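The next block holds one structure in the form of structure tokens; read it before the comments.
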Amino acid sequence: MTAQDRPTLDPRTAYDVISAEKYADWDPLLDTFDRLREETPLVWVEDPEHRHPPFWLVSRYEDAMRISKDNATFLNNPQTVVFSLTEGIEFAKSVTGGSPHLVASLVTFDAPIHMKYRKLTQEWFMPKNLRTLEHDIRELADKTVDRLIKAGPQADFCKLVSQPYPLHVVMQILGVPEEDEPRMLLLTQQMFGGQDEELNQSGMKDLPPEAITQLVAGAVKDFEAYFAKLTAEKRANPTDDVASTIANARIDGEPLNDRDMMGYYIIVAAAGHDTTSASTAGAMLALAQDPEQWARVREDRSLLPGIVEEAIRWTSPVQHFMRTAAEDTEIAGQKIAKGDWVMINYVAANHDPAQFDEPRKFDAGRSPNRHLAFGAGAHQCLGLHLARLEMKILFEVLLDRIETVELAGEPKRAKSTFVGGLKTLPLRVGVA
Ligand code: HEM
């Protein structure tokens, strides 16, 4: 395809849709997506500074859904699954011997191997099995809310509740002892909070991109070392957690190789907490801004599932994933060439007015609410039932124990194009 055939984004708007800092303030970003959906729902994005490979940005819900479900035409594996610097991709290839992915995991596999890996833990993440965890999760929620109440009437909800709680849950299901959790938190923040200097806690602010990539690779190595030890333990003494399932799994009669096994632990550990944190904090922000709604749901808990679902749409914590066209194809009348890189932008899709009335409004009664925040198709979030359950239980405890909640300062979003959400949410709470 020639360059003339491609509707291409002007350099200023290209900068707006690929810069981490622009994802720290959604309103102008959503204005841009609204315009793109109207004018060029599929648009070619070239980084004005040539630091990233070019790609198609998809901003309509309908197109994002179609691409997500067509796993034969739109592959995960060939280029990185998240939007990356060219240097980062080259660095990953040099470390892995050719793969653009530092970590091999469910999100980087395609058929037929993807389903074989996914099946290993799919049952484990189903509601029937998760019910057996409810008691333990409720205990964690109780302890977390204890800490919030103890901190006094004013506290940062992110630091005390929405960040640590999903991390505890995910570490518990992986069988990681509590004393190792701070290390896991730091490692996942280095891997996924890399674009926000306050979140990665490693002074990355002034580092050049290559150095950041190397730091991320270092975090992956540390993770691998940690989980190698855990695997040995889970093989010697299997328990009923996810880590035991992975450590003792077999595919076509063979145990998983080290890289794939580590990738499995890492995807569960990493995918499971920042995402749920962001939706939890978003739900709390929406409720703090609407005290009457807090009072209403305290009285009528049947409203809670709607609040949880709307929070997940409204926050869309996974802001994008990438796909690569396996063959020449067409979406929304636009030709896409074999090998082209495509961004499914969940923020844009979940704010498409053709699918959601008043998409920027938090509407707990939204029905239907067929959002794309968990993706769709073969890669749809493996942990979606767990995420919903965790949030539901935490809010049950919060609603039982907190009578009033209001904002006590300016909430702040993380600077990140991938997993993003609130990193600070100052609240004043009144205990019931
Ligand atoms: C995949 C979102 C929580 C584990 C995904 C995808 C999205 C997503 C958008 C990719 C879907 C696609 O490509 O079509 C979210 C959101 C969450 C959340 C918004 C919370 C609100 C969790 C939790 C876990 C988890 C709690 C597990 C502990 C995974 C895994 C995958 C995945 C393993 C890869 C699945 C595959 O490629 O087959 N998630 N997630 N996620 N998520 Fe989640």
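Derivation of every value follows stated rules applied to the coordinates shown; laboratory data play no part. Not measured: the values here are computed from a predicted model. With ideal geometry, Cβ positions are generated from the backbone for all residues, glycine too; neighbour counts draw on all protein chains shown.
Values for this structure:
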{"read-out": "13 Å beta-carbon shell around Ser244, net charge (K/R +1, D/E -1)", "value": "-1"}
{"read-out": "Model label zone, Leu407; criterion: amide N under 12 Å from point 7 Å along Cα-to-beta-carbon; scope segment 256-294", "value": "285-291"}
{"read-out": "For segment 69-85, Karplus couplings with θ = phi - 60° (6.51, -1.76, 1.60), whole Hz, Gly/Pro x", "value": "7, 9, 6, 7, 8, 10, 8, 8, 6, x, 10, 4, 7, 10, 5, 10, 5"}
{"read-out": "Relative counts (whole %) of C-alpha pair distances in segment 213-258, using bins that are 10 Å wide", "value": "26, 43, 24, 6"}
{"read-out": "Extreme residue, positive dipole direction of the chain, given options His168, Thr121, Phe83 (C-beta unit charges)", "value": "Thr121"}
{"read-out": "Amide proton proximity set for Val58, modelled H, under 5 Å, gap of 5+", "value": "Met343, Asn345"}
{"read-out": "Shape of segment 236-389, Cα gyration tensor, a/c cut at 1.5", "value": "oblate"}
{"read-out": "Dimensionless Rg over Rh [segment 317-419; C-alpha; Kirkwood]", "value": "1.05"}
{"read-out": "Interchain or long-range residues, amide H under 5 Å from Gln380's placed H", "value": "none"}
{"read-out": "Segment 312-323 - phi-based ³J(HN,Hα) in whole Hz, Karplus 6.51/-1.76/1.60, Gly and Pro as x", "value": "5, 5, 4, 8, 5, x, 8, 7, 7, 9, 9, 9"}
{"read-out": "Under-5 Å amide H pairs with Phe321, H placed in peptide plane, nonlocal only", "value": "Ile344, Tyr346"}
{"read-out": "Relative contact order %, segment 329-383, counting alpha carbon pairs below 8 Å whose residues are six or more apart", "value": "25"}
{"read-out": "Local electrostatic count at Trp294 - Lys and Arg +1, Asp and Glu -1, tallied over other residues with Cβ under 12 Å", "value": "-4"}
{"read-out": "Spatial extent of the chain: Rg and Dmax, with the Cα atoms as the point set, Å", "value": "21.1, 65"}
{"read-out": "Mean Cα-pair separation over length for the chain, i.e. relative contact order, pairs under 8 Å, 6 or more apart, %", "value": "26"}
{"read-out": "Cα-derived Rg over Rh, computed across segment 80-194 with Rh taken as Kirkwood radius", "value": "1.06"}
{"read-out": "Trypsin sites (Lys or Arg not before Pro) restricted to DSSP loop in segment 6-84 with at most 15 other C-beta within 10 Å", "value": "Arg51"}
{"read-out": "Per-residue ³J(HN,Hα) for segment 175-186, Karplus 6.51 cos²θ - 1.76 cosθ + 1.60, θ = phi - 60°, Hz, x for Gly and Pro", "value": "x, 8, x, 4, 5, 8, 5, x, 5, 5, 4, 4"}
{"read-out": "Net charge of neighbours whose Cβ lies under 13 Å from the Cβ of Gln154, counting Lys and Arg as +1 and Asp and Glu as -1", "value": "+1"}
{"read-out": "Within the chain, longest stretch free of exposed GluC sites (Glu not before Pro) [DSSP loop, at most 15 other beta carbons within 10 Å]", "value": "124-326"}
{"read-out": "Among Gly253, Gly88, Gly365, residue whose mean-square fluctuation peaks in a GNM of the chain (springs only between Cα atoms under 10 Å)", "value": "Gly253"}
{"read-out": "Shape call, segment 20-133: gyration tensor on alpha carbons, a/c limit 1.5", "value": "oblate"}
{"read-out": "Cα shape, segment 110-166, gyration tensor, a/c 1.5 rule", "value": "oblate"}
{"read-out": "Separation in nanometres of the label points that stand 7 Å from Cα toward Cβ, at Arg259 and Arg131", "value": "4.1"}
{"read-out": "Relative contact order %, segment 246-402, counting alpha carbon pairs below 8 Å whose residues are six or more apart", "value": "23"}
{"read-out": "Distance between modelled label sites at Asp142 and Glu299, nm, 7 Å Cα→Cβ extension", "value": "2.8"}
{"read-out": "Potential extension, Glu181-Asn248 segment - 0.36 nm per residue separation minus Cα distance", "value": "21.8 nm"}
